[in-house]
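In what follows, a structure is listed as structure tokens, so that the remarks can point back to it.
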Amino acid sequence: MSAATAILPLLLLVAAPAAAQSVREGIGDVPCREVRILDATQYWFWDGYFGLVDLHDLPYERWGRLGVDPSICFRVALVVVNDAQRRTAGYRLAIPELLKWVGEDPGSDDQSSKLARAQLRRITGHDFERQSDWTAWWEEHQAYVLWSDANGRLEVVSEAHDAGEVLSHQALLLEAEEYWFYAGRGWVTASQAVGDFVLGSLSIPPHGYSFRVQRTRLDDRGAKERGYRRALENLIVDGLLSPELGDGRLHSVLERVAALTEPDFADRDSWVEWWESNRQRLVLSADGDRLVVR
């Protein structure tokens, strides 16, 4: 049994939301007192809160034990476990619990304090010694952190911090095609690369949203072409062909259409005629900036 098991109370274990049941199954040759079925946020909470041990990946599940009490085993679906949003959410829940165990004396031999500081260093990349320093840092930055697979830690998004814009782990997680559709429509109002993600804001009148999209997926030319084609069709069919489009919106729609394609017509009828003749032959240009006729 680990030092953390001997020292830490089991209050969190009792209160943790999980589907638990007593079973005779075990991992390896050691039986489990109980097995909990975790969702991804719970998984990363326990990973942050004194860690997970004895991990085994099966075809569709990961099995393991809670570091705080290895007699408690868990199962989690592999398909959800690597979701960066849930990892951010789980670590955000774990850090305040770890802070309770970090004392003010960096030279203390208290094992729970040492373990808590080690976990905090692993999660954040920072190395404060005293609880007051950790608490001050977390209170200032907790609303602006995001997990980065590239750097293996929670990172503070400095632009969001400086602007006072809270990063919600509930932000829309977009597929690449969706992102390029919104970008083509002119609805992406802000974006920035942070670790493995591009973060930003959408303004889809009359509502605003935060979003995330994986950076590597934005390199998919097929997704960008499909997104741009959808955006252009939307601008023409629901815009230029709409009898409800007034003169006030016409100019902005024409600007968006021109930004997505090669021609630069100044009137609605010319664009509609061009669209009817070429819509089946549009492909992404070599530089990836717009749609061209094949």
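The values are calculated or read from the model by the stated rules, or taken from the named source; none is laboratory data. What you see is a predicted model, and the numbers here were worked out from it, not measured in a lab. No Cβ is skipped: glycine too gets one built from the backbone with ideal geometry, and neighbour counts run over all protein chains shown.
A few comments on the model shown:
- R212 being under 25 Å from V157 (Cβ atoms), among the basic types (K, R) and touching a residue at least 40 places away in the same chain (Cβ under 8 Å): yes
- Considering the conditions (1) assigned by TED's automatic domain parsing to the domain that holds D149; (2) under 18 Å from D149 (Cβ atoms); (3) buried (at least 17 other Cβ atoms within 10 Å of the Cβ), L115 is excluded by exactly one of them, (2).
- Annotation for region 141-149: no member residue is surrounded by fewer than 16 Cβ atoms within 10 Å (Cβ to Cβ) and free of Cβ contacts under 8 Å to residues at least 40 places away in the same chain.
- From the options G186, G248, G288, G239, residue that is under 23 Å from the mean Cα position of the chain (by Cα) and either under 24 Å from A150 (Cβ atoms) or outside the structural domain of T88 (by TED's automatic domain parsing) (or both): G186
- Checking each residue in region 42-73 for being more than 17 Å from A118 (Cα to Cα), crowded, with 20+ Cβ neighbours inside 10 Å and free of Cβ contacts under 8 Å to residues at least 40 places away in the same chain picks out G64, R65.
- Inter-residue pairs, beta-carbon under 6 Å, first under 12 Å from I236 (Cβ atoms) and in region 248-276, second of a type in the set (S, T, Y) and not in a loop (DSSP other than H, G, I, E, B), 6+ apart: L260/Y228
- Checking region 254-262 against the condition returns a match, with at least one residue being exposed (fewer than 15 other Cβ atoms within 10 Å of the Cβ), over 20 Å from T189 (Cα atoms) and modelled with pLDDT under 95.
- Condition broken by W137, with the remaining ones in (1) out of contact with any Lys or Arg (no Cβ under 6 Å at 6 or more places or on another chain); (2) surrounded by fewer than 14 Cβ atoms within 10 Å (Cβ to Cβ); (3) modelled with pLDDT of 90 or more; (4) farther than 27 Å from G288 by Cβ satisfied: (2)
Yes or no, residue by residue, for (1) in contact (Cβ under 8 Å) with a residue 60 or more places away in the chain; (2) touching a Pro at 6+ places or on another chain (Cβ under 9 Å); (3) surrounded by fewer than 21 Cβ atoms within 10 Å (Cβ to Cβ):
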site	(1), (2), (3)
N151	no, no, yes
A163	no, no, yes
L174	no, no, no
A193	no, no, yes
D196	yes, no, yes
S203	no, no, yes
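- Residue within region 77-92 that is over 28 Å from Q214 (Cα atoms) and surrounded by fewer than 17 Cβ atoms within 10 Å (Cβ to Cβ) present: no
- Any hit, region 138-150, residues being within 17 Å of the chain's Cα centre (by Cα) and either closer than 23 Å to L235 by Cα or charged (D, E, K, R) (or both): yes
- Residue list for region 225-244, filter: touching a residue at least 12 places away in the same chain (Cβ under 8 Å) and closer than 12 Å to R268 by Cβ: L235, I236, G239, L240, L241
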